[in-house]
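Quick notes on the structure that follows.
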Amino acid sequence: MRGKLVVGNWKMNGGLAPNAALLGELAADWQAAADRKIAVCVPYPYLVQAQAALQATPIAWGAQDVSEHAAGAYTGEVSAAMLAEFGCRYAIVGHSERRQYFGDTDAVVAAKAKAALAAKLTPIVCVGELLSEREAGTTDAVVLRQLDAVLAVLGADAARVVVAYEPVWAIGTGRTATPEQAQDVHATLRARLAKAGAGDIPLLYGGSVKADNAASLFGRRDIDGGLIGGASLKAAEFLAIARA
Ligand code: PGA
């Protein structure tokens, strides 16, 4: 169902002591709101810490990736069922850093989304173009190719995912897409999702979202919230974004 959703992606940051402070501040300062939800996606070892800190709060938690396999001889991998045991609601799949540095292909991303759903997790499927692709005018073709790979595998279950549009050139660079640029891509994605019977899912924007640009992005018709990297590591900044 569509609704405002703001998700923190801590990436490979944190430690027991700083996490305790951050999670404690989030738990203390975020009140349940009917019209918006927040979540944090933390490194695997800290899921148990996030669960303990957040289980009595309206804040959800999740992982930043998940294996496409259910179980077995896959050294270093973590299954969706394992994430579910630690109360995860979400698993990010297809983040551009996984695609760029760890070789996650469109097909692997689709398989990961399917594995997450099989364990009743909500996959947050990331799509986004490189700067060179934007400059070549292929943004729509790239994000639709990435989305179609997932839609083809999920079928009717596509209505149970969250999609995040994250232009690669805007991630961690301080260079955010303009609200118009983001809305344009979101409208393209929304139309494709609607054709697949999934027009009503939350569609998030990610890439250098900060407290001072969140409202203008989230105010656009097809932008339902954000996937927040750097700014999710500070409780006050993250919550200001969530309230935008
Ligand atoms: P950023 O990262 O907010 O630090 O740009 C966003 C993301 O990678 O999800």
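Return yes when V48 is in contact (Cβ under 8 Å) with a residue 24 or more places away in the chain and within 16 Å of the ligand (Cβ to nearest atom) and no when it is not. Break it down into steps so the answer makes sense when it comes.
On the way: in contact (Cβ under 8 Å) with a residue 24 or more places away in the chain: yes; within 16 Å of the ligand (Cβ to nearest atom): no.
No, not satisfied.
Checking L121 against (1) buried (at least 22 other Cβ atoms within 10 Å of the Cβ); (2) within 16 Å of the ligand (Cβ to nearest atom); (3) within 24 Å of D35 (Cα to Cα), which single condition isn't satisfied?
Among (1) buried (at least 22 other Cβ atoms within 10 Å of the Cβ); (2) within 16 Å of the ligand (Cβ to nearest atom); (3) within 24 Å of D35 (Cα to Cα), the lone unmet condition for L121 is (2).
Restricting the search to the range 1-19, which residues are part of a helix (DSSP H, G or I) and either loosely packed, with under 15 Cβ neighbours inside 10 Å or among the β-branched types (V, I, T) (or both)?
Kept after step one, since they are part of a helix (DSSP H, G or I), are these residues of the range 1-19: 16-19.
If the condition is that a residue be part of a helix (DSSP H, G or I) and either loosely packed, with under 15 Cβ neighbours inside 10 Å or among the β-branched types (V, I, T) (or both), then L16, A17, P18 are the ones that fit.
Among the numbered criteria (1) under 24 Å from T188 (Cα atoms); (2) open to solvent by less than 60 Å² (accessible area, probe 1.4 Å), which one does L130 miss?
For L130, the failing item is (2).
Would you check which residues across the range 156-182 are farther than 17 Å from H95 by Cα, of a type in the set (A, V, I, L, M) and open to solvent by 10 Å² or more (accessible area, probe 1.4 Å) and list them?
Result: A156, A159.
Mind listing whichever residues of the range 2-36 are over 17 Å from the mean Cα position of the chain (by Cα) and either under 27 Å from V125 (Cβ atoms) or among the charged types (D, E, K, R) (or both)? Walk me through how you get there before you give the answer.
So in the range 2-36, the residues over 17 Å from the mean Cα position of the chain (by Cα) come out as 14-35.
Of everything in the range 2-36, those that are over 17 Å from the mean Cα position of the chain (by Cα) and either under 27 Å from V125 (Cβ atoms) or among the charged types (D, E, K, R) (or both) turn out to be G14, N19, L22, L23, E25, L26, D29, W30, A32, A33, A34, D35.
Does L227 count as surrounded by 20 or more Cβ atoms within 10 Å (Cβ to Cβ), of a type outside the set (F, W, Y) and either under 30 Å from G155 (Cβ atoms) or more than 12 Å from the ligand (Cβ to nearest atom) (or both)?
Values: surrounded by 20 or more Cβ atoms within 10 Å (Cβ to Cβ): yes; of a type outside the set (F, W, Y): yes; either under 30 Å from G155 (Cβ atoms) or more than 12 Å from the ligand (Cβ to nearest atom) (or both): yes.
Yes.
If I ask for residues that are of a type outside the set (A, V, I, L, M), open to solvent by 20 Å² or more (accessible area, probe 1.4 Å) and either away from the ligand (no atom under 16 Å from the Cβ) or in contact with a Leu (Cβ under 7 Å, 6 or more places away or on another chain) (or both), which ones from the range 193-215 would you list?
Here is the first cut: in the range 193-215, the residues of a type outside the set (A, V, I, L, M) are 195, 197, 199-200, 202, 205-208, 210, 212-213.
Now drop any that are not open to solvent by 20 Å² or more (accessible area, probe 1.4 Å), which leaves 195, 197, 199-200, 210, 212-213.
Residues satisfying the conditions are K195, G197, G199, D200.
Do we have A84 as over 15 Å from the mean Cα position of the chain (by Cα) and either surrounded by fewer than 17 Cβ atoms within 10 Å (Cβ to Cβ) or at pLDDT 95 or above (or both) here?
On the way: over 15 Å from the mean Cα position of the chain (by Cα): yes; either surrounded by fewer than 17 Cβ atoms within 10 Å (Cβ to Cβ) or at pLDDT 95 or above (or both): yes.
Answer is yes for this residue.
Answer yes or no as to whether A110 is open to solvent by less than 50 Å² (accessible area, probe 1.4 Å), within 30 Å of A32 (Cβ to Cβ) and more than 16 Å from the ligand (Cβ to nearest atom). Don't jump to the end; show me each part of the working.
Values: open to solvent by less than 50 Å² (accessible area, probe 1.4 Å): yes; within 30 Å of A32 (Cβ to Cβ): no; more than 16 Å from the ligand (Cβ to nearest atom): yes.
Against the criterion (open to solvent by less than 50 Å² (accessible area, probe 1.4 Å), within 30 Å of A32 (Cβ to Cβ) and more than 16 Å from the ligand (Cβ to nearest atom)), A110 does not qualify.
Which residues, taken from the range 37-75, are part of a loop (DSSP other than H, G, I, E, B) and either within 17 Å of the chain's Cα centre (by Cα) or within 20 Å of R98 (Cβ to Cβ) (or both)? I'd like the intermediate steps shown before the answer.
Kept after step one, since they are part of a loop (DSSP other than H, G, I, E, B), are these residues of the range 37-75: 42-43, 55-59, 64-75.
Of everything in the range 37-75, those that are part of a loop (DSSP other than H, G, I, E, B) and either within 17 Å of the chain's Cα centre (by Cα) or within 20 Å of R98 (Cβ to Cβ) (or both) turn out to be V42, P43, I59, Q64, D65, V66, S67, E68, H69, A70, Y74, T75.
Residues in the range 89-97: is at least one touching a residue at least 60 places away in the same chain (Cβ under 8 Å) and away from the ligand (no atom under 12 Å from the Cβ)? Write out each step before concluding.
Step one: filter the range 89-97 for residues touching a residue at least 60 places away in the same chain (Cβ under 8 Å), giving 90, 92, 95-97.
Subsequent filtering for residues that are away from the ligand (no atom under 12 Å from the Cβ) retains 90.
Yes: the range 89-97 contains one or more residues that are touching a residue at least 60 places away in the same chain (Cβ under 8 Å) and away from the ligand (no atom under 12 Å from the Cβ).
Kindly establish whether V185 is crowded, with 21+ Cβ neighbours inside 10 Å and either assigned to a strand (DSSP E or B) or of a type in the set (V, I, T) (or both). Lay out the reasoning, then the answer.
Working: crowded, with 21+ Cβ neighbours inside 10 Å: yes; either assigned to a strand (DSSP E or B) or of a type in the set (V, I, T) (or both): yes.
Spelling it out, V185 is indeed crowded, with 21+ Cβ neighbours inside 10 Å and either assigned to a strand (DSSP E or B) or of a type in the set (V, I, T) (or both).
Tell me, yes or no, whether the range 164-174 has at least one residue that is away from the ligand (no atom under 13 Å from the Cβ) and either over 18 Å from the mean Cα position of the chain (by Cα) or not aliphatic (A, V, I, L, M) (or both).
Taking the range 164-174 first, the residues away from the ligand (no atom under 13 Å from the Cβ) are none.
There is no residue in the range 164-174 that is away from the ligand (no atom under 13 Å from the Cβ) and either over 18 Å from the mean Cα position of the chain (by Cα) or not aliphatic (A, V, I, L, M) (or both).
Here are the criteria: (1) more than 16 Å from the ligand (Cβ to nearest atom); (2) open to solvent by 10 Å² or more (accessible area, probe 1.4 Å); (3) of a type outside the set (D, E); (4) part of a loop (DSSP other than H, G, I, E, B). Tell me which single one R145 does not satisfy.
Condition not satisfied by R145: (4).
The values are calculated or read from the model by the stated rules, or taken from the named source; none is laboratory data. Here the structure is a predicted model, which means the values were calculated and not measured. With ideal geometry, Cβ positions are generated from the backbone for all residues, glycine too; neighbour counts draw on all protein chains shown. Side chains are part of the model used for accessible areas, which takes the heavy atoms of the whole protein and leaves out ligands, DNA and RNA. Shrake-Rupley method; radii C 1.70, N 1.55, O 1.52, S 1.80 Å.
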